[in-house]
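A quick write-up on the structure given underneath.
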Amino acid sequence: FLIVGLTLVHLTFLHETGSNNPLGIPSDCDKIPFHPYYTVKDILGFVLMLSLLVSLALFSPNLLGDPENFTPANPLVTPPHIKPEWYFLFA
């Protein structure tokens, strides 16, 4: 209830006074446009993270794997904790 109350108080004050500029930048020459700067920055970050993920997957794929994946499988020995489902018990 406290968060809802504080949200309502915040929205009330925002509705009365309106949204303003907290940075206090009065001139337009200090502002930078969104499209060429932030889109290029976001695309560059996406490409860097994607290249990191691809290099991790291609050059060391077993780095984040589970150690149980490297034990050889024996089809003649079943682990004791594996039980069939209840509907297979009557077949």
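The values are calculated or read from the model by the stated rules, or taken from the named source; none is laboratory data. None of these values were measured; they are calculated from a predicted model. Backbone-built Cβ (ideal geometry, glycine too); neighbour counts: all protein chains shown.
Quick look at the values:
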| item | result |
| --- | --- |
| Search result, residues across region 6-21 that are surrounded by 10 or more Cβ atoms within 10 Å (Cβ to Cβ) and at pLDDT below 80 | none |
| Meets criteria (at pLDDT 90 or above, among the aliphatic types (A, V, I, L, M) and surrounded by fewer than 10 Cβ atoms within 10 Å (Cβ to Cβ)) for I3 | yes |
| Where a residue in region 62-76 is in a loop (DSSP other than H, G, I, E, B) and its partner, wherever it lies, is at pLDDT 85 or above and among the hydrophobic types (A, V, I, L, M, F, W, C), with Cβ under 7 Å and at least six apart | L63/L56 |
| Cβ pairs under 6 Å, 6+ apart, first in region 37-56 and in contact (Cβ under 8 Å) with a residue 24 or more places away in the chain and surrounded by 10 or more Cβ atoms within 10 Å (Cβ to Cβ), second part of a helix (DSSP H, G or I) and among the polar types (S, T, N, Q) | none |
| Criterion violated by F90 - all others in (1) part of a loop (DSSP other than H, G, I, E, B); (2) modelled with pLDDT of 90 or more satisfied | (2) |
| Flag for P26 being exposed (fewer than 10 other Cβ atoms within 10 Å of the Cβ) and either modelled with pLDDT of 80 or more or among the β-branched types (V, I, T) (or both) | no |
